[in-house]
1. According to a simple spin-label model (label point 7 Å from Cα along Cα-to-Cβ), what is the distance in nm between ASN310 and LEU401?
2. Points 7 angstrom from Cα along the Cβ direction at ASP506 and ILE547: gap in nanometres?
3. About its Cα centre, how strong a charge dipole does the range 477-583 have in debye, to the nearest 20, once Lys and Arg get +1 and Asp and Glu get -1 at the Cβ?
4. List the aspartates and glutamates whose Cα lies under 14 Å from the Cα of LYS428, skipping any in the same chain that are fewer than 8 positions away.
5. Along the charge dipole of the range 438-567, pointing to its positive end and built from +1/-1 on Cβ of Lys, Arg, Asp and Glu, which listed residue (ALA531, LEU438, VAL492) has its Cα farthest out?
6. Using the Cα centre of the range 317-650 as origin and beta-carbon charges of +1 (Lys, Arg) and -1 (Asp, Glu), tell me which of VAL518, ASN364, ILE581 is placed farthest towards the positive end of the dipole.
7. Which order, highest average first, do 534-544, 197-207, 491-501, 507-517 follow once you tally other Cβ atoms within 10 Å for each residue and take the mean per peptide?
8. So what's the net charge close to PRO511: Lys and Arg +1, Asp and Glu -1, counting the other residues with Cβ under 14 Å from its Cβ?
Amino acid sequence: MNKVMKKGIQFIGDKWKKFHLTQITILLVAVFVLLFLGFVVYFMKSADVESLKRGLSQSTILYDVDGEKASKLSANRSDSVPIKKMPEHLQEAVISIEDHRFYEHNGFDLRGMGRAFFKNLLSTGTLQGGSTITQQLTKNALLSPERTYKRKIEELFLAIEIEKVYTKKEILEMYLNTIYFGSGSWGVQNASKKYFGKDVSELTLSESALLAGVIKAPSVLDPYKNMDKSIARRNVVLDQMVKYGFITSEEAQEAKYEEISLEDKSGDPLKGKYPHYADAVINEAIKRFGLTQDELLTKGYKIYTAMDQNVQAGLENVYKKDWLFPKDVSGDPSQSAAVFVDPNSGGVVAIIGRRGEHVFRGFNYATQMRTSPGSTIKPLAVFTPAIEEGYDRDSMLKDELMKFGDYEPTNYDNQYRGEVPMYRAVEKSLNVPTVWLLDQMGLSKGLNALERFGIPFEKEDKNLSIALGGMTKGISPLHLAEAYTTFPNDGVRKETFFIRKIIGPDGQVTPKWGPKEVEVTSKEVTDEMTAMLLNVVERGSGQKARIPGMDLAGKTGSTQVPIEGINGTKDQWFVGYTPSIVGTVWVGVEAVSTEHYLTANSSEGVVPLFKEMMTEISPHIEQASFDVNEIEETPKKEEKKGLIDQLIEKWNELF
């Protein structure tokens with residue numbers, strides 16, 4: 001009897017536990033469902049899908065150093081076209097490869113989402129794939145670019161709402177007018193012009209399939225970068241079109257045999273002002289802030305820069321005056337670049353990347369070129385460390401033909417004065433005294449100084465020829481401008497930058513790193529250097545940069561044509577500075593040859609050009625003087641020169 005009662009009680013207890021567990025389970029499910037429904041309602045109400053078309057075109061605004069609007073970055077979406085102008089086979093190609101159930105679902109595809117979900121279970125926290133065309137449109141227009149499950153849920157509910165407001169054709173039209181096709185092209189019209197040089201209405205089946213294929217991975221499948229992969233992807237699209245009944249096997253085969261011919265008639269996607277500066281901003285935002293070009297041109301960031309609009313506009317005005325630039329020996333235009341920096345902050349206030357028509361994110365000679373700096377390196381590699389070692393402006397340096405092992409430098413004018421004071425070697429840019437001085441104090445002292453100045457050099461550059469700019473790769477105008485910020489900034493080098501901060505849709509963007517400052521040398525040393533470099537402009541090779549009333553220090557430089565029997569230059573440099581600005585200008589030829597080199601020296605070529613720039617921008621920069629001891633002439637310490645030597649010296653030497 002007791003056993004029966006115990007079993008009965010146990011049975012009732014088990015049932016009671018199961019009942020409670022069932023109740024708890026039902027309650028938890030109910031709470032989850034309510035939370036889920038609340039989540040859905042929240043996103044349904046907060047989804048401003050009526051603003052979708054506005055959200056598709058959000059320009060990024062550039063602000064100058066004073067916080068004023070300066071320019072904008074935007075995708076070239078002014079060429080949007082109506083769906084009726086887009087060939088049916090283009091629409092079908094995109095649907096086949098991106099969302100073959102587009103006309104069947106209501107914004108999301110459970111099958112596709114299921115496949116993507118299980119595929120991503122093995123990945124770490126992010127979702128890839130599974131998005132319908134409507135979801136992709138939602139992501140591009142209304143959401144941040146992050147790839148998380150939360151974002152996918154937002155994307156899902158917004159897509160459902162979009163399907164309620166817009167027709168399928170309207171959704172497809174917006175999608176095709178805004179999706180990224182690579183090479184800076186957004187929308188099918190721009191992509192059609194970028195890749196095929198034609199209107200979208202003229203696209204063939206093969207061309208349409210190629211464009212549809214690019215959407216998956218624009219940077220990888222860009223036909224300009226990888227035609228083989230692009231063609232292979234096109235063929236996949238054509239096979240999908242056959243699979244879903246849009247074309248026949250015969251039509252697909254014929255399209256596969258069609259030869260793809262690329263032609264770019266897209267123009268410049270940067271519609272704003274100051275395109276050279278905008279290019280540099282894009283490059284820095286990608287490298288230092290981790291953003292993508294697509295995000296920068298479409299997501300409406302606010303980028304606060306170091307630009308001075310007056311200085312930038314001044315440089316652009318100068319670069320419109322072709323007659324200011326020397327031509328090469330064949331009469332062809334020379335190439336040129338310029339960059340101006342605030343030495344107190346390191347901010348780049350203005351930049352010109354090249355002459356001629358602007359190419360969107362094309363090669364920038366101011367930041368990307370590496371070439372020999374010629375004699376502009378002398379103050380960095382030789383004279384600054386010499387002063388640190390105890391030499392001064394009046395120290396006498398040997399100026400006579402001599403060999404340093406197998407190396408035998410010569411002066412540009414082939415004149416040798418026996419001995420010259422250091423300031424004269426700087427003023428006239430004499431080569432032999434400079435190399436002799438580096439040899440006397442030790443090559444390692446010069447190399448150490450270059451490292452402090454932030455000048456990159458190769459292992460092969462570790463020899464005495466570096467005193468004259470002999471380098472394997474060389475440096476850029478931006479490298480040189482940054483190094484020279486040391487002199488007006490009392491021995492402290494400020495790393496250069498274009499961007500002060502970026503505000504995005506979700507707040508301020510954190511950079512991977514920020515510009516630093518480096519203590520290169522002492523104020524006493526830079527004062528001595530500035531005194532000698534002021535003398536270069538006052539009496540030496542930089543005289544043609546002189547502007548009355550302006551304290552301007554500077555240094556000329558050039559590199560000779562490396563072809564035996566030719567007397568000319570391939571690079572001309574001038575770097576100049578006042579207490580408030582540092583500027584570097586380079587003039588040269590893109591591909592030196594017996595028919596392409598410069599016959600004028602830097603004093604006749606780049607120096608007057610620099611003066612024109614300083615004259616243009618002088619009303620907009622702070623006018624101040626250097627508090628340094630002026631150079632006092634000491635002709636008695638120099639070898640007496642004859643009339644011919646005096647005439648030669650009046651011809652401003654190249655260096």
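Derivation of every value follows stated rules applied to the coordinates shown; laboratory data play no part. As the structure is a prediction and not an experimental result, all values here were calculated from the model. Don't worry about glycine lacking a Cβ; one is built from the backbone with ideal geometry, like all the others, and counts go over all protein chains shown.
1. Going by the 7 Å Cα→Cβ label model, 5.4 nm.
2. Inter-label distance under the simple model: 4.6 nm.
3. Here the range 477-583 has a charge dipole of around 300 debye.
4. In chain and number order, the partners are ASP399, ASP413, GLU419, GLU538, GLU633, GLU638, ASP645, GLU649, GLU653.
5. Final value for the positive-end residue is VAL492.
6. ASN364
7. Ranking, from highest mean packing down: 534-544, 491-501, 197-207, 507-517.
8. Numbers: positive: LYS287, ARG288, ARG500, LYS501, LYS512, LYS516; negative: GLU284, GLU495.
Overall, the nearby charge balance is +4.
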